[in-house]
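What follows is a single structure, written as structure tokens, with notes after it.
The values are calculated or read from the model by the stated rules, or taken from the named source; none is laboratory data. Since we're looking at a predicted model, the values are computed, not measured. Cβ atoms come from the backbone with ideal geometry, glycine included; neighbour counts cover every protein chain shown. For the accessible areas, the whole protein counts, side chains as well, though only heavy atoms, and no ligand, DNA or RNA atoms are used. Shrake-Rupley method; radii C 1.70, N 1.55, O 1.52, S 1.80 Å.
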Amino acid sequence: MSSTMPSGAKRLGLRSDFVWGVSTSAYQIEGAAREDGRGPSIWDTRCRTQGGVWNGDTGDVACDHYHRWPEDVALMKDIGVAAYRFSVSWPRVLPKGRGRVNDAGLDFYDRLVDGVLEAGIEPWMCLYHWDLPQALHDLGGWANRDSAGWFADYAVLMARRFGDRVKRFATFNEFSVFTLFGYAIDWAAPGITDRATHLKAIHHVNLAHGAGVDVLRDHVPGVSIGAVHNRQAVHPESDSEADRAAAALLDEHWNRAFCDPQILGHYPPLIARDMEPYIQGGDLARICRPQDWFGLNHYGPIFAKADPDTTWGFAWGEDKAATPHPLLGWAIYPDAFRDELLLIARRYKLPIVVTENGCGGNDQPTPEGRIEDAHRIAYLDLYTDKMKEAAAAGADIRGYFVWSLLDNFEWGSGYGNRFGLIHVDYETQKRTAKASAGWYRELIGANSSVMNR
Ligand code: IFM
């Protein structure tokens, strides 16, 4: 690493039991999409038949983690992480989403969980990271109220099978991304743009979350449960009344449609009336269940503008004041991370785990085979400084997970945007630690256990 790059060996003054980890998700890394009895998910359908993914890429092979997981666990161990957050592919363990169990799928996660534990790393299992079984979508998916029960049954299966070894569970990853992009904007599977379908999906996913919390609490002794929320401040693109109204509505959809009912017991005001037709007696109590931590995925703020041609009258706007980062195309706002952490601490009063933070890019090896991702190191360095500021200002932050361990399938961007600490050559599946992996190893070393006090 060049001497001008920031060193990871800085002290952040965090809790002595602070958890350093990395995150991934099933569809983005596993591959083996048609192997050992896995059923199709809505992302298989999107990639194969709906288009909308860069370069026509698919998750069919991805990082081939299904076969190469021992190497990936060894890479994590080498970085020194204490925790690994991964998701389970629902259609791998229940090919049709309910009914017949696929033992080969469960066996895969047994091997993975045991391998992670043997490496001295704690498994954090996320039950849902966007890959709904296609068979359930064919029954209406999240727009069908029965989906809460389907999810609860799946959670029972996971809790019974893995609850002896896995104690950290997240119900869902990024509720508002997969509902808004999948049911209102058509940036993601299943590619629907309909208000009523979107509203139903929001409510039923909230019900599924509440049911999942109860199941995990009942079946897993000593469990610690959270949910993972994407949270980013929403700013109007201009000062016009229309853009300000668009930003206010997007803020509720993006930042509050799930956190508020799940933790505070009510929908936020601008969307509360829209939700009324779908709420049955007792629903809000079913949704608002006690949780142990708040999972935050944060990258940067959002800019919104009015657009009457969209499902909700808002669209993503431009950040007119910023100079986009030359490598990434978007601007970097570390202060927004600190502010978000403080806002969550005040509003939701739960311990916070940063379950994702990281930076994409087009990282390529030098002729000598090194990957000098200085832009990622600079990003992580700035953001971890802001986490330190938030902790010093009173936010109860318990952990930080980099997105991601590996370069992987970045949804609509296909393999065109690399977020990994580890570079993956998709032709050969060769893994190469980037400079940022070394930086993170140093950071973890300088900020683990008693050294942190
Ligand atoms: O790759 C995604 C991940 O699946 C969810 N959070 C944001 C990441 C980067 O876009």
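Taking Rh as the Kirkwood radius computed over C-alpha pairs, what is the Stokes-Einstein D of region 162-287 at 37 °C in a medium of viscosity 0.692 mPa s, expressed in µm² per second?
Working: Rh = 15.6 Å.
The estimated diffusion coefficient comes to 210 µm²/s.
Send over the per residue convex hull volume for region 80-169, Cα only, as a whole number of Å³. All intermediate terms of the calculation are to be shown ahead of the outcome.
Details: hull volume 7.7 nm³, N = 90.
Considering the Cα atoms of region 80-169, their hull volume per residue is 86 Å³.
Per residue, the convex hull spanned by the alpha carbons of region 183-249 comes to 123 Å³.
Highest mean first, the peptides 226-234, 12-20 sorted by other C-beta atoms within 10 Å per residue fall in the order 226-234, 12-20. In this structure the chain gives 37 Å² per residue of accessible area when probed at 1.4 Å with all protein chains present. Taking only the alpha-carbon positions of region 178-217 and ignoring solvent, what does the Debye formula give for the base-10 log of I(q)/I(0) at q = 0.15, 0.35 Å⁻¹? Debye curve over Cα of region 178-217, log10 I(q)/I(0) at q = 0.15, 0.35 Å⁻¹: -0.38, -1.01. Note on the chain: dipole from Cβ charges, positive end direction compared against Pro70, Pro91, Gln262; the farthest Cα belongs to Gln262.
How many percent of all Cα-Cα pairs in region 30-135 sit more than 21 Å apart? Mind dumping the intermediate values first?
Numbers: 2105 of 5565 pairs.
Value for region 30-135: 38 percent of Cα pairs lie more than 21 Å apart.
Would you work out which of His229, Asn206, Val156 lies farthest towards the positive end of the dipole of region 154-291? Charges go on Cβ: Lys and Arg +1, Asp and Glu -1. Going by the Cα projections, it comes out as Val156.
With all distinct Cα pairs included, what does the Kirkwood hydrodynamic radius of region 253-310 come out to in Å, to one decimal, could you say? By the Kirkwood definition, the hydrodynamic radius is 13.5 Å.
Each residue of region 130-138 is assigned a 3J(HN,Hα), and the resulting list reads 6, 9, 5, x, 4, 4, 6, 4, 5 Hz, derived from the Karplus form 6.51 cos²θ - 1.76 cosθ + 1.60 (θ = phi - 60°), x at Gly and Pro.
Keeping every protein chain in place, order Glu71, Glu241, Glu356, Glu122 by accessible area at 1.4 Å, biggest value first, i.e. largest first.
Numbers: Glu71 80, Glu241 145, Glu356 10, Glu122 60 Å².
The ranking, largest first, comes out as Glu241, Glu71, Glu122, Glu356.
Rounded to whole Å, give me the distance from the Cα center of region 376-453 to that of region 1-66. Here the two parts' Cα centres lie 13 Å apart.
With all pairs of different alpha carbon atoms counted, what Kirkwood hydrodynamic radius in Å does the chain show? Don't jump to the answer; show the numbers that get you there.
Values: mean 1/r = 0.0452 Å⁻¹.
This gives a value of 22.1 Å.
Using per-residue counts of other Cβ atoms within 10 Å, averaged over each peptide, order 166-176, 271-281 from highest down.
Details: 166-176: 23.9, 271-281: 13.4.
Highest to lowest by the protection proxy: 166-176, 271-281.
Counting only helical runs of four or more DSSP H residues, what would the 222 nm mean residue ellipticity of the chain come to if each run contributes -39,500 (n - 2.57) and the total is spread over all its residues?
Values: 15 runs with 163 residues, N = 453.
Result for the chain, helices only: -11000 deg cm²/dmol.
Any idea what log10 I(q)/I(0) is at q = 0.10, 0.12, 0.13 Å⁻¹ for region 277-392, Debye with uniform C-alpha scatterers and no solvent? Each listed q corresponds, in turn, to -0.49, -0.67, -0.76. Straight-line reach from Lys388: taking Cα to Cα under 19 Å and skipping same-chain neighbours fewer than 8 places apart, the aspartates and glutamates in range are Asp17, Asp335, Asp339, Glu340, Glu356, Asp396, Glu442.
What per residue convex hull volume, in Å³, do the alpha-carbon atoms of region 222-326 yield?
On the way: hull volume 13.0 nm³, N = 105.
Here the figure is 124 Å³ per residue.
Each of Ala321, Ile377, Ile185 was scored by the projection of its Cα onto the charge dipole of the chain, and the greatest displacement toward the positive side belongs to Ile377; charges sit on the C-beta of Lys, Arg, Asp and Glu.
With only Cα atoms counted, region 350-453 has Rg and Dmax values of 15.1, 47 Å.
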